[in-house]
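Student: First, the structure itself, so that you have it in front of you.
The values are calculated or read from the model by the stated rules, or taken from the named source; none is laboratory data. Given the structure is predicted, the values throughout are model-derived calculations rather than measurements. Counting neighbours? That spans all protein chains shown, and the Cβs are built from the backbone with ideal geometry, glycine included.
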């Protein structure tokens, strides 16, 4: 479960209480209920939006950048720049076909092959495409990983243990 603590002023807490519908409703529940209608819904049929899943939406005209190393990121020299078009994710003018539902990984692999980005065994270096692909939003560089909605993000590994799991 993702939790972020935010300090509320007395005024904000008082306003928030005006929206309470049930005694057991949390402040988070109230905020989500009250603020959700303010979001502009994205139509699934809107081809100007590419849904990468896990809450990540890219818009036509955006130019995702691939940084295969921290060095290229520090130098602000992307290893590749893609383009989001109405028909999908394009790299070097060619539409990238999704693999296992993702366009990020196959696009990164194309660049790694072209740049001979391999380890000492000659294998393509294993990287997370979610970490390596970035996009500029609000004047800042964000990795696709940063754009994931924590509530929708898939997780690997061990789940959080409950008190019941621990026998407490």
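Student: Between 115, 148, 73, which is touching a strand residue (DSSP E or B) at 6+ places or on another chain (Cβ under 9 Å), under 28 Å from residue 32 (Cβ atoms) and either at pLDDT 90 or above or surrounded by 14 or more Cβ atoms within 10 Å (Cβ to Cβ) (or both)?
Tutor: On the way: 115 fails: under 28 Å from residue 32 (Cβ atoms); 73 fails: under 28 Å from residue 32 (Cβ atoms).
One residue alone meets the criteria, 148.
Student: Starting from residues that are modelled with pLDDT of 85 or more and over 21 Å from residue 150 (Cα atoms), keep the ones in segment 26-62 and report whichever is surrounded by the fewest Cβ atoms within 10 Å (Cβ to Cβ).
Tutor: Only one residue tops the list, namely 61.
Student: Is one or more of the residues making up segment 23-35 assigned to a loop (DSSP other than H, G, I, E, B) and either touching a helix residue (DSSP H, G or I) at 6+ places or on another chain (Cβ under 7 Å) or assigned by TED's automatic domain parsing to the domain that holds residue 142 (or both)?
Tutor: Keep residues of segment 23-35 that are assigned to a loop (DSSP other than H, G, I, E, B), which gives 23-26.
Filter again for either touching a helix residue (DSSP H, G or I) at 6+ places or on another chain (Cβ under 7 Å) or assigned by TED's automatic domain parsing to the domain that holds residue 142 (or both), leaving none.
There is no residue in segment 23-35 that is assigned to a loop (DSSP other than H, G, I, E, B) and either touching a helix residue (DSSP H, G or I) at 6+ places or on another chain (Cβ under 7 Å) or assigned by TED's automatic domain parsing to the domain that holds residue 142 (or both).
Student: A further question on this structure: Tell me, which residue of segment 118-131 that is at negative phi and part of a loop (DSSP other than H, G, I, E, B) is surrounded by the most Cβ atoms within 10 Å (Cβ to Cβ)? Working first, answer last.
Tutor: Looking only at segment 118-131, we keep the residues that are at negative phi, and these are 118-121, 123-131.
Subset that is part of a loop (DSSP other than H, G, I, E, B): 119-121, 123, 125-128.
Details: 119: 9, 120: 5, 121: 5, 123: 8, 125: 10, 126: 7, 127: 17, 128: 13.
Restricting to residues being at negative phi and part of a loop (DSSP other than H, G, I, E, B), the top hit is 127.
Student: For segment 74-114, what are the residues that are part of a loop (DSSP other than H, G, I, E, B) and on the phi < 0 side of the Ramachandran plot?
Tutor: In the first step, residues of segment 74-114 are kept if they are part of a loop (DSSP other than H, G, I, E, B); the result is 75-79, 86-87, 92-93, 96-98, 100-101, 103.
Selection gives 75, 77, 78, 79, 86, 87, 96, 97, 98, 103.
Student: Evaluate the following for residue 126: is it within 21 Å of the chain's Cα centre (by Cα) and in contact (Cβ under 8 Å) with a residue 24 or more places away in the chain?
Tutor: no
Student: Find all pairs meeting these conditions: Cβ atoms under 6 angstrom apart; at least six residues apart or on different chains; first residue within segment 69-81 and assigned by TED's automatic domain parsing to the domain that holds residue 130; second residue part of a loop (DSSP other than H, G, I, E, B).
Tutor: Cβ pairs passing all conditions: 72/79; 73/67; 78/67; 79/68; 81/63.
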